[in-house]
Amino acid sequence: VAGGLTALVAGLLPGWRVTAAAPAHVLKDASGTSSLHSRRWQEALLVVQVALVTTLFAGSTLLVFSFARVLGTDLGFSKHNLAGVQLAPSFPRGPSRAADVDAFYGRVQEAVRGIPGVLSAASLAGGQLPLYSGASTTRLSSPDVHKPPVAADVRRVSPGYFETAGIRLVEGRGFTESDRGKLVAVIDELGAKHLFDGQSALGRRLSNGGLTVIGVAANVKLLGPEGATQPHVYMPFVPGDSIRTLLIRTSTPVADLVPAIHAAVTSVTIGTPKPVKVDVVDEQFRILTADRRFNAAAMTALAVLALMIAASGIYATTAAMVTQQRKEIGIKMALGASTGRVVRGITGSTARLLGVGAAFGLAGAWAAARVLESVVFQVRPSDPVVYLVPLIMIAAGGFIATLWPALRAARMDPLVTLRAE
């Protein structure tokens, strides 16, 4: 519909102008000197084109930079070559259930670690793979300080979890096998800052069951770049944590090891083997950012297309104005105007029109940036680069589109042009 209306307007407007013109006026204009009215129409069209393209390019730049900030966000853990396998085997109840659970997951981890290309493996309770929701929460507080409690995610993890997930330990240490069953915990920097005001958290007590802090981990964004950031507290497994997620760090792309991981897990599965789903964290990240990726790609494609249309419009308009002014150009060259002066005159007049269009476009871009402010990520509408990129693209495209008609005009033979007139 929009294309049809555009074609209709683009065809009717020139046709109406031609039919409305008096024959005598048309014959007079055939001398090669463009009328002021006709030139003003062409200049206005050029200004509108540049203004619209500048606005569109600014919006595209805003979304592309927002997507780049999403991709560059430090998640606090390394998402590359990281995968998880959620397991929920059933174990018979009895006094040996906890030992059976630990033994089963120990065998699974050993089988997975034996795969060529696997660097490490660890477990965490429940389906709490990074970039998935589902962690339980608690009110984190300490009897050592008079600070209000803060909501924190609780994650029960095995020894080697921080190394496998790529989470940096800022202070203290992670868990070892000897910590199993002990009242110890690792909190993140955000929780330590809230509770202990920048003082060392090692050895401090938490009100949550009398836990003692043995380490401080870097802050993580386990729900993605735009997920809510809140403190995390990590604790060892408790007896009977039978539903766990196996976290796997590889040295090669995880997709290449999926069959081997499946075979290793099913080889020690109790009872009838069930299909094993390997969740790749990089794939989760792509799903989380799919909307932003699509919006950035679509806006970029539209902006590039609009720039190409604008460049062709600038070329066509400049070429038409040069053709209409060939008599004036011929006279100037006959009176001694140099080639450089002719080129500078044509490019300078077009540059002024581009400047006017860009100024209107920047005003529209400012308004568009305010509308998009609520959907962009870590990019301010007042960021100068949002407006600098469209200006550079418009200037480059306009210069290239204007230069060729200007050079053609400068190569005209003034005697041939004036004789033809």
15 Å cut-off, amide nitrogen to a point 7 angstrom out along V371 Cα→Cβ, residues in the stretch 61-95: 61-63
For the stretch 196-295, what does the alpha-carbon gyration tensor say about shape, rounded, prolate or oblate, given a ≥ b ≥ c as the root eigenvalues, a/c under 1.5 as rounded, and a/b over b/c as prolate? oblate
Starting with the highest mean, order 373-383, 99-109 by the number of other Cβ atoms within 10 Å, averaged over the residues of each peptide. 99-109, 373-383
How much net charge surrounds L71 when only the other residues with a Cβ under 10 Å from the Cβ of L71 are counted, with Lys and Arg +1 and Asp and Glu -1? +3
How would you rank 65-72, 113-120, highest first, on the average number of other Cβ atoms within 10 Å across their residues? 65-72, 113-120
If you count, for each residue, the other Cβ atoms within 10 Å and average over each peptide, how do 84-95, 207-218 line up from highest to lowest? 207-218, 84-95
For S142, enumerate residues with amide H under 5 Å from its amide H, sequence gap 5+ or separate chain, H modeled in the peptide plane. K147, S207
To the nearest 10 Å², what's L202's accessible area with a 1.4 Å probe? 70
Which distance in Å, rounded to a whole number, links the C-alpha centroids of the stretch 39-114 and the stretch 285-315? 21
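The values are calculated or read from the model by the stated rules, or taken from the named source; none is laboratory data. Treat the numbers as computed from the prediction; the structure is a model and nothing was measured. Cβ sites come from the backbone with ideal geometry, for glycine too, and all protein chains shown count toward neighbours. We work out accessible area using only protein heavy atoms, side chains counted, and drop any ligands, DNA or RNA first. Shrake-Rupley method; radii C 1.70, N 1.55, O 1.52, S 1.80 Å.
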